[in-house]
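Structure first, then comments.
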């Protein structure tokens, strides 16, 4: 194991612990035989151990404690002629070590921490579990020292044999526990939900009996349904709306086609989850998606960049003093992003720690920081910290937050790893627009379900999930009952557990947890059909000056508007509670007022836009809630700030899954695809690997 400078080898931790014990072993053996020389020899050995530490200014607490203890023992024995340190060597020695261990715990620097650093790369040291593991190990050693001290004090028959047995146990625990602890801490809660339901696709089934029922047809549900249908499972998808897709859908107004929220999709690079999904279902990326061109407007400056290289050059010209830092940032980000997807080729998606343990093994999780050093560092910082690490210029930092709306949080409340996946990845690999509109992508997945024997029923709003003895049995729709041992809720977790599942089937604490989850922000959108040719503009315009985004849909795909006309969407973040009840006069006035404000902002970028409007529509958070049944019209389900703990994809009810933005990894098309893939793989017991 190399030290942090990489030029010297360190003694492994366990050997170092043994070396630190040498003066104590000498002390207990010789003084146990009544020989006071044990104190002098132990003091000499302790001094030999500490001198190099003085030179390095890097002290080991146990060695310092040894030197301090044996110095006092030598003075008491050979100056004051006290024999207590010889006669009570067992009690006093172990008491001193106990106090040392206790003190290190009190100051939150467990004494085994420094020893552990010898065995693990620096990337591990900042991990909370690393400190937790060492707190536990130090606590065990403190208990051993205390037990030995008490044994020597009150039991005349207590011998070094018993004390040594405890010491051997401590050494064995110190070796085994660190290798098991990360997996234990990562998966201990998930294991409470990690049930298994056997499904036999070959078994014949009745008319309303299925292997899997999916409630909702958002992208996570359709992804899961498409994969399971293709793998031979009899699948039913129930959708309350007249078309599938959820937020990934489109509508037509006088031959102008608008998306309901999907404009820029990530995960379509070579190792991206969406690319893996397309391979699995036999679709071609170029048939369904086209790469977006993007412009950012900041302080009146227009920044156009169609590639990472071009973006770096533009930023370097704008901020010449930060040129090297810009290159270094993207180099770090690219490596981290690649590492994040290093293992994705097995199942098509990166996995959270608790699934790494389940799907692979404990060692895979233990080795994760070492094999993913760049990405692991991003997981332990906020996006704001990562920006501060590289940049001094505040304007440049603001530019790097241009796409944070894709997460819905501020830089200081966004984990760097989330920003890497949902923001920085767009600069590295680009974002894509769905050809033919978002509805076409959703319909493609629907067709896969149906082409492989599955069934998709629209206008079917499930009104209850059937549960008996904490086990799912199917779904109810009015008088109809659809039976299945597996139900996948592609609905928000609040809707699932507070409306579809009867509360008596759930633990009260779990229900309160679901109720406590804060919804993410929503947005306000204006849809315009214009009799203007806007082909000279890029598809996406992020206007940081006015806090809005402009999407020229027809520039990505000309079929989305009549010839020489344009379909555009203007959007901005919005609070659900800023809008009165739907249908009221105040609501209509608010909606109209907000639309006029957004149109004026867009007109600064596209002159005379308001004079060419031939189709106009708008959607508020309450519009989204009405059509998708998403509480508060949230666009990312739950708040994506650091500290929000999303529910697991497996629930307290056996056979009931979640596949949606409610669970890992969160909101967005790429994330929804990942959620659906994870759910499908778990139904298949992780036996089918990505193609």
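The values are calculated or read from the model by the stated rules, or taken from the named source; none is laboratory data. Nothing here was measured: the structure is a model prediction, and the numbers come from that model. Please note: Cβ atoms are built from the backbone with ideal geometry, for glycine as well, and neighbour counts cover all protein chains shown.
Which ones in the range 592-615 are part of a strand (DSSP E or B) and surrounded by 16 or more Cβ atoms within 10 Å (Cβ to Cβ)?
615
Identify all residues within the range 211-244 that are part of a helix (DSSP H, G or I) and either under 19 Å from residue 688 (Cβ atoms) or not assigned by TED's automatic domain parsing to the domain that holds residue 655 (or both); write none if there are none.
Those that are part of a helix (DSSP H, G or I) and either under 19 Å from residue 688 (Cβ atoms) or not assigned by TED's automatic domain parsing to the domain that holds residue 655 (or both): 220, 221, 222, 223, 224, 225, 226, 227, 228, 229, 230.
In the range 386-461, which helices (runs of 4 or more DSSP H) lie fully inside it and hold 1 or more residues that are touching a residue at least 24 places away in the same chain (Cβ under 8 Å) and surrounded by fewer than 19 Cβ atoms within 10 Å (Cβ to Cβ)?
394-399, 425-429, 438-451
What's the number of the condition residue 627 fails, among (1) touching a helix residue (DSSP H, G or I) at 6+ places or on another chain (Cβ under 8 Å); (2) assigned to a helix (DSSP H, G or I); (3) at pLDDT below 95?
(1)
Applying the selection to the range 115-131, what residues are surrounded by fewer than 19 Cβ atoms within 10 Å (Cβ to Cβ) and closer than 16 Å to residue 60 by Cα?
118, 119
Taking the criterion of being closer than 28 Å to residue 313 by Cβ, in contact with a helix residue (DSSP H, G or I) (Cβ under 8 Å, 6 or more places away or on another chain) and either crowded, with 23+ Cβ neighbours inside 10 Å or assigned by TED's automatic domain parsing to the domain that holds residue 277 (or both), would at least one residue in the range 357-375 satisfy it?
Yes, the range 357-375 has at least one match.
When residue 307 is evaluated against the numbered criteria (1) surrounded by fewer than 20 Cβ atoms within 10 Å (Cβ to Cβ); (2) modelled with pLDDT under 95; (3) under 30 Å from residue 462 (Cα atoms), which criterion, by number, is the only one it fails?
Looking at each condition in turn, residue 307 falls short on (3).
Across the range 291-317, what is the total count of residues that are assigned to a helix (DSSP H, G or I), out of contact with any strand residue (DSSP E or B) (no Cβ under 9 Å at 6 or more places or on another chain) and free of Cβ contacts under 8 Å to residues at least 40 places away in the same chain?
3
Take residue 102 and tell me if it is at pLDDT 95 or above, surrounded by fewer than 19 Cβ atoms within 10 Å (Cβ to Cβ) and in contact with a helix residue (DSSP H, G or I) (Cβ under 6 Å, 6 or more places away or on another chain).
Judged against the criteria, residue 102 is a match.
Quick one: which of 267, 261 is out of contact with any strand residue (DSSP E or B) (no Cβ under 8 Å at 6 or more places or on another chain) and either in a loop (DSSP other than H, G, I, E, B) or crowded, with 23+ Cβ neighbours inside 10 Å (or both)?
Criteria check complete, one pass: 267.
Is it the case that the range 69-88 has a residue that's touching a helix residue (DSSP H, G or I) at 6+ places or on another chain (Cβ under 8 Å), touching a residue at least 60 places away in the same chain (Cβ under 8 Å) and either in a helix (DSSP H, G or I) or more than 15 Å from residue 17 (Cα to Cα) (or both)?
yes
So which residues in the range 316-352 are touching a helix residue (DSSP H, G or I) at 6+ places or on another chain (Cβ under 7 Å) and under 12 Å from residue 420 (Cα atoms)?
Residues satisfying the conditions are 329, 330, 332, 333, 334, 335, 336, 337, 339, 340.
Suppose the filter is crowded, with 21+ Cβ neighbours inside 10 Å and either assigned to a helix (DSSP H, G or I) or modelled with pLDDT under 95 (or both); does residue 38 pass it?
It is true that residue 38 is crowded, with 21+ Cβ neighbours inside 10 Å and either assigned to a helix (DSSP H, G or I) or modelled with pLDDT under 95 (or both).
Within the range 498-516, which residues are touching a residue at least 24 places away in the same chain (Cβ under 8 Å) and in contact with a helix residue (DSSP H, G or I) (Cβ under 8 Å, 6 or more places away or on another chain)?
Answer for the range 498-516, where residues must be touching a residue at least 24 places away in the same chain (Cβ under 8 Å) and in contact with a helix residue (DSSP H, G or I) (Cβ under 8 Å, 6 or more places away or on another chain): 506, 510, 514.
Quick one: count up the residues across the range 454-495 that are at pLDDT 95 or above, at positive phi and out of contact with any strand residue (DSSP E or B) (no Cβ under 7 Å at 6 or more places or on another chain).
So the answer is 1.
So is residue 663 in contact (Cβ under 8 Å) with a residue 24 or more places away in the chain and surrounded by 24 or more Cβ atoms within 10 Å (Cβ to Cβ) or not?
Spelling it out, residue 663 is indeed in contact (Cβ under 8 Å) with a residue 24 or more places away in the chain and surrounded by 24 or more Cβ atoms within 10 Å (Cβ to Cβ).
Outside the structural domain of residue 441 (by TED's automatic domain parsing), modelled with pLDDT of 95 or more and in a helix (DSSP H, G or I): is that true of residue 335 in this structure?
yes
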